[in-house]
1. Check ARG49, ARG71 and return the single one that is in a loop (DSSP other than H, G, I, E, B), touching a Leu at 6+ places or on another chain (Cβ under 6 Å) and within 21 Å of GLU489 (Cβ to Cβ).
2. Looking only at region 449-488, filter to residues that are among the hydroxyl-bearing types (Ser, Thr, Tyr) and modelled with pLDDT of 90 or more; which one of those is most open to solvent (accessible area, probe 1.4 Å)?
3. Which members of region 92-133 meet the condition of being at pLDDT below 50 and among the basic types (Lys, Arg)?
4. Within region 318-329, can you find the residues that are open to solvent by 10 Å² or more (accessible area, probe 1.4 Å) and either touching a Lys or Arg at 6+ places or on another chain (Cβ under 9 Å) or closer than 21 Å to PHE284 by Cα (or both)?
5. So which helices (runs of 4 or more DSSP H) stay within region 249-367 end to end and still have 3 or more residues that are at pLDDT 85 or above and in contact with a strand residue (DSSP E or B) (Cβ under 8 Å, 6 or more places away or on another chain)?
6. Could you grab me the full set of residues in region 225-240 that are open to solvent by less than 10 Å² (accessible area, probe 1.4 Å) and either free of Cβ contacts under 8 Å to residues at least 40 places away in the same chain or in a helix (DSSP H, G or I) (or both)?
7. Within the bounds of region 285-301, is there any residue that is more than 15 Å from LEU215 (Cβ to Cβ) and within 25 Å of the chain's Cα centre (by Cα)?
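The values are calculated or read from the model by the stated rules, or taken from the named source; none is laboratory data. Since the model is a prediction, treat every value here as computed from it, not as a measurement. No Cβ is skipped: glycine too gets one built from the backbone with ideal geometry, and neighbour counts run over all protein chains shown. For accessibility, only protein heavy atoms count, side chains too; no ligands or nucleic acids. Shrake-Rupley method; radii C 1.70, N 1.55, O 1.52, S 1.80 Å.
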Amino acid sequence: MVDAQVPDSVQPMAEPPTQTAHGQRDLLRSLIHQLSSRVKREQLATWFRSLDVRRADDQEVELSVTSQFVRDWLQKNYLAVLQEALAAIGGQRRKILLSQREEDGFDSLAFAQPVASHPTPMSAADEVEKLMRTRDVRQAPPAPGSVGSAPAANGVPTARRHGGQLNPHYTFDRFVVGPCNRLAHASALAIGENPGCAYNPLFVHGNVGLGKSHLLQAICHTVQRRDSNARVLYMSCEDFTNAFIQAIQSQTLDTFREHYRSADVLVIDDVQFLANKEKTQDEFFHTFNALYDGQKQIVLSSDRPPVEIPTVEERLVSRFKWGLVAEVEAPCFDTRTAIVKRKAAGRGIDLPDDVARFLAERVTANIRELEGAVIKVVGISAITDQPITLGLAESCVRGMPARHAQVSVDDVMMTITTEFAITARELTGKSRTQTVSLPRQIAMFLLREHTECSLEDIGRIFGNRDHTTVLYAVNKIRERAGKDRMFKELLDGLSNRLLTRSFRT
């Protein structure tokens, strides 16, 4: 029987991870090293990424993670593994306590990398990928905030009319138009030419990496080009929320409100992060009304349509739909081919047609991945002084999953039963225990995200459950992922595994 305790109350860490005792850091490195030989790589990345040694002596070792969900799962499923790994380090039996700490961004796998793995020498392709990634980070413009930058002392970003935080490449002439994005592009173009008159507000939604931010920033560039005096504010929803909180703390709400409600164009990216932020929603509601009544342009983006954003007030959802709601879908083959050619041309390369078609066939869901494939091919060609051929392209993307396969219901069910060590009968049964109900909700979420199954279809898979039950489960998982970084990483890992599984079958 393994001795372990879960503290009744969770206390914040006395020190951040970078300031803990040297001996505890050595213990963490050794522990991750031992775990890497005892669990699969996917499990290590899913469950142990935020693991830290909070306290250690001859009798006890207290380990902490940043998620209650992960803590509970380790307690139920990996406690014996942790005990075995700990015993292998010190050769003595010590009690393990598992606790939760505040989110701090600490990555134990990255911290322990020199010990936890013994990588083989990088291939030329890997070296180029690392080189290109480093170069792009150094040369890239600052991450989008507002067209003012970081909040000043009073909580209000400093306004800049000339795109201080905009990507100079995100313009309409660099945007590849296809059936997947034609409506969103046309409406964005109309707004850029005549803000406040057509499609107000514009709500653009779609999965990550499909060009939503490109369209939003293109609007900003166009408005500024036509009127250099226009007050254009572009920011993420998180930046708006942080500025609002800072204004409350510094008692400068009036300044905050004047700043945002006097804008000519307000552009908010990733508005789904308003979920679970009641006070921010209320403030945004009044900001929206002030701008709309003044015939000022509002542009919003999200990874889902307005009605599917959980816990957002109905009055806001209604306003999001007042103008035009436009979806950006995954690009078709011809559009992907054009994107590949355009990305290569931007780097001064005329990509052969057969290479462009090959890359477009391999990556279908995400424009960012398409660009990454182009960067890799162009970079390896330049470093190795080889011509860009189909053979070179094939060697560059070898190992990448082919992006045209479909995820099946069986893929989802097998992934969940394997990951959570439950049977298919339990997964589709009536049990309401946490160890079964949560994996069931995650399965419903993944089926909704990665298959064509309707809510009714998913309900039938899980024992003829009502579609409202499925919708509740999907929204609950989305809500939890928005609040819990480790849980979101779990979902992302499962999604990647699903895609890889379907690509290889």
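1. Details: ARG71 fails: in a loop (DSSP other than H, G, I, E, B).
Criteria check complete, one pass: ARG49.
2. Going residue by residue through region 449-488, those that are among the hydroxyl-bearing types (Ser, Thr, Tyr) are 451, 454, 468-469, 472.
Applying the additional criterion that residues be modelled with pLDDT of 90 or more yields 469, 472.
On the way: THR469: 62, TYR472: 135 Å².
Within region 449-488, the match that is most open to solvent (accessible area, probe 1.4 Å) is TYR472.
3. Passing the criteria: LYS130, ARG133.
4. SER318, ARG319, LYS321, TRP322, GLY323, LEU324, VAL325 - these are the residues of region 318-329 that are open to solvent by 10 Å² or more (accessible area, probe 1.4 Å) and either touching a Lys or Arg at 6+ places or on another chain (Cβ under 9 Å) or closer than 21 Å to PHE284 by Cα (or both).
5. On the way: elements: 253-261, 278-293, 314-320, 333-346, 353-362.
In region 249-367, the matching helices (runs of 4 or more DSSP H) lie at 278-293.
6. Step one: of region 225-240, the residues open to solvent by less than 10 Å² (accessible area, probe 1.4 Å) are 230, 232-235, 237, 240.
The answer is CYS237, PHE240.
7. The first filter runs over region 285-301 and keeps only residues more than 15 Å from LEU215 (Cβ to Cβ), leaving 285-296.
With within 25 Å of the chain's Cα centre (by Cα) added as a condition, the list becomes none.
Within region 285-301, none of the residues are more than 15 Å from LEU215 (Cβ to Cβ) and within 25 Å of the chain's Cα centre (by Cα).
So that you can scan it fast, the table gives a plain yes or no per residue for (1) crowded, with 18+ Cβ neighbours inside 10 Å; (2) closer than 18 Å to PHE288 by Cα; (3) hydroxyl-bearing (Ser, Thr, Tyr):
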residue	(1), (2), (3)
GLN165	yes, no, no
ASN181	yes, no, no
HIS185	yes, no, no
GLU193	no, no, no
TYR199	yes, yes, yes
GLY211	yes, no, no
GLN217	yes, no, no
VAL223	yes, no, no
ALA263	yes, yes, no
